[in-house]
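The values are calculated or read from the model by the stated rules, or taken from the named source; none is laboratory data. Please read these numbers as outputs of a predicted model, since none were measured by experiment. Counting neighbours? That spans all protein chains shown, and the Cβs are built from the backbone with ideal geometry, glycine included.
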């Protein structure tokens, strides 16, 4: 199988999570500013918009550790769009110029109440259809979220044992008591999907494809683990046996101890990988192309003893990648996936990716170690790949270049045949000129921003995921210049 949905031609795109969009609240959302950004992409000639995962984060705002493998983040819901649709009063929005989660939750609850009180037959039918089509995950997520609110944000394994273990009588009683909150959670998901799919239809009509990101693992404190404990390597009381992560690498000397539970692959395989098939079905509703983050974990995953303090104590354990991808391909013949194949990659990982025709990734910041055989150097690129200047885990390209020693900067400039002051423009141009069919540029690199604007520092938990740009950072001539480059390189 070969992926030809977005990599059917040469394209270029921008990596920007919706939380980084400008707007009046703490984080960006999928309202007016997202539509404006899509117009900016079109004017530049870009035809792909890549985001990070869209789920509700557990803590530290990280979209790679979410409370659901299906649900959307309510913080991305546009409050202004709710007012435009008559579900909120405009005066209510003015109270939230410094909006926090409590304020937003109150407004979303209010919008739900207004919907239930005033929605017409067509709107009610749309909600009922959404709930029916997503019942496999929606009811568990709504119950889990309501219960977590009722237990003051405690993790599910800290709840009373009967609720922790989903005893039918206790769960039924709690669901009745929390029925209003559960209904509100289902409504919020309905609104999130409605707003996102409205945005998707708009950007697709403009000739822009949406490129999503799916973490390989889910969070321990998530609806899926609570509702389907048998799918994970976790005991009856919710205690983990091993946790996910990666060994020491470019990003961290101690490796990264993510803390996610590992899958119980025999159970998943016995069920025909239904859990994964439904997860992928949701992703393909939201996106035109999906990146599998930490793809190498499908071939073998780094298993760290749950009690270990660092990832150094882990070991590689074989996964079920071939069986899983075969099952997904059987259900989705034109599976539009990209494999994130960065880090410690073995020949077996390359074979798995190539056997299923999945494009891999090339990151230019990893290219300049002085070895001409480095696979990230442009002369070693392959067409069925996605080239990035850097990713959300990298420093910005301007910051990365400034941190290189004198010899490192000289290597970069010699290869690109540019003067230092031409960075990072030259790196962006190099990505666009690559033979890779898709070139992705983080918004920070497009704006030539420094280290203080990076999105994430792997292995740390503070100060990440909150970066935002403002329109006054966008040079007036940028769209014209990028349009010329994209046309020049046939993208």
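Some observations on this one:
- Just one of the numbered conditions (1) farther than 27 Å from residue 280 by Cβ; (2) part of a loop (DSSP other than H, G, I, E, B); (3) modelled with pLDDT of 95 or more is not true of residue 55: (1).
- Test result for residue 435, more than 18 Å from residue 370 (Cβ to Cβ), in contact with a strand residue (DSSP E or B) (Cβ under 9 Å, 6 or more places away or on another chain), at pLDDT 95 or above and surrounded by fewer than 20 Cβ atoms within 10 Å (Cβ to Cβ): yes
- Every residue from region 2-27 that is modelled with pLDDT of 95 or more and either touching a strand residue (DSSP E or B) at 6+ places or on another chain (Cβ under 6 Å) or under 30 Å from residue 95 (Cβ atoms) (or both): 11, 12, 13, 14, 15, 16, 17, 18, 19, 20, 21, 22
- Residue within region 169-186 that is within 24 Å of the chain's Cα centre (by Cα), free of Cβ contacts under 8 Å to residues at least 24 places away in the same chain, over 18 Å from residue 279 (Cα atoms) and part of a helix (DSSP H, G or I) present: no
- Comparison of 291, 279, 320 shows that the only residue that is within 19 Å of residue 360 (Cβ to Cβ) and buried (at least 17 other Cβ atoms within 10 Å of the Cβ) is 291.
- Which numbered condition residue 207 misses (of (1) surrounded by fewer than 21 Cβ atoms within 10 Å (Cβ to Cβ); (2) over 28 Å from residue 274 (Cβ atoms); (3) at pLDDT below 95; (4) touching a helix residue (DSSP H, G or I) at 6+ places or on another chain (Cβ under 9 Å)): (3)
- Hey, residue 221 in contact (Cβ under 8 Å) with a residue 60 or more places away in the chain, in contact with a helix residue (DSSP H, G or I) (Cβ under 8 Å, 6 or more places away or on another chain), crowded, with 18+ Cβ neighbours inside 10 Å and closer than 30 Å to residue 342 by Cα or not: yes
- Selection count where residues are over 20 Å from residue 444 (Cα atoms) and either in a loop (DSSP other than H, G, I, E, B) or within 25 Å of the chain's Cα centre (by Cα) (or both), scope region 378-430: 9
- Residue tally, condition assigned to a helix (DSSP H, G or I), within 20 Å of residue 64 (Cβ to Cβ) and modelled with pLDDT of 95 or more, over region 298-329: 4
- Looking only at region 100-151, residues that are within 23 Å of the chain's Cα centre (by Cα) and farther than 30 Å from residue 228 by Cα come to 1 in all.
- Scope region 234-263; condition farther than 20 Å from residue 295 by Cβ, touching a strand residue (DSSP E or B) at 6+ places or on another chain (Cβ under 8 Å) and not in a strand (DSSP E or B); matching residues: 241
- Every residue from region 294-315 that is surrounded by fewer than 18 Cβ atoms within 10 Å (Cβ to Cβ) and either free of Cβ contacts under 8 Å to residues at least 24 places away in the same chain or closer than 12 Å to residue 248 by Cα (or both): 307, 310, 312, 313, 315
- Residues located in region 8-50, provided they are in contact with a helix residue (DSSP H, G or I) (Cβ under 6 Å, 6 or more places away or on another chain) and assigned to a loop (DSSP other than H, G, I, E, B): 16, 21, 22, 23, 27, 28, 29, 30, 31, 45
- Residue match in region 435-443 (condition: within 18 Å of residue 43 (Cα to Cα) and assigned to a helix (DSSP H, G or I)): yes
- Cβ-Cβ distances below 6 Å connect the following pairs, each with a first residue in region 470-491 that is surrounded by 11 or more Cβ atoms within 10 Å (Cβ to Cβ), a second residue that is assigned to a helix (DSSP H, G or I), and a separation of six or more residues or different chains: 479/43; 479/44; 482/44; 483/44; 485/432; 489/432; 489/433.
- When the residues of region 346-369 are filtered to those that are touching a helix residue (DSSP H, G or I) at 6+ places or on another chain (Cβ under 6 Å) and assigned to a loop (DSSP other than H, G, I, E, B), the one that is nearest to residue 438 (Cα to Cα) is 356.
- Single residue of region 41-72 satisfying the filter (over 19 Å from residue 197 (Cα atoms) and over 18 Å from the mean Cα position of the chain (by Cα)) that is surrounded by the fewest Cβ atoms within 10 Å (Cβ to Cβ): 43
- Odd one out for residue 86 among (1) modelled with pLDDT of 95 or more; (2) out of contact with any helix residue (DSSP H, G or I) (no Cβ under 8 Å at 6 or more places or on another chain); (3) part of a loop (DSSP other than H, G, I, E, B): (2)
- Of all residues making up region 448-458, the number that are surrounded by fewer than 19 Cβ atoms within 10 Å (Cβ to Cβ), under 22 Å from the mean Cα position of the chain (by Cα) and in a loop (DSSP other than H, G, I, E, B): 2
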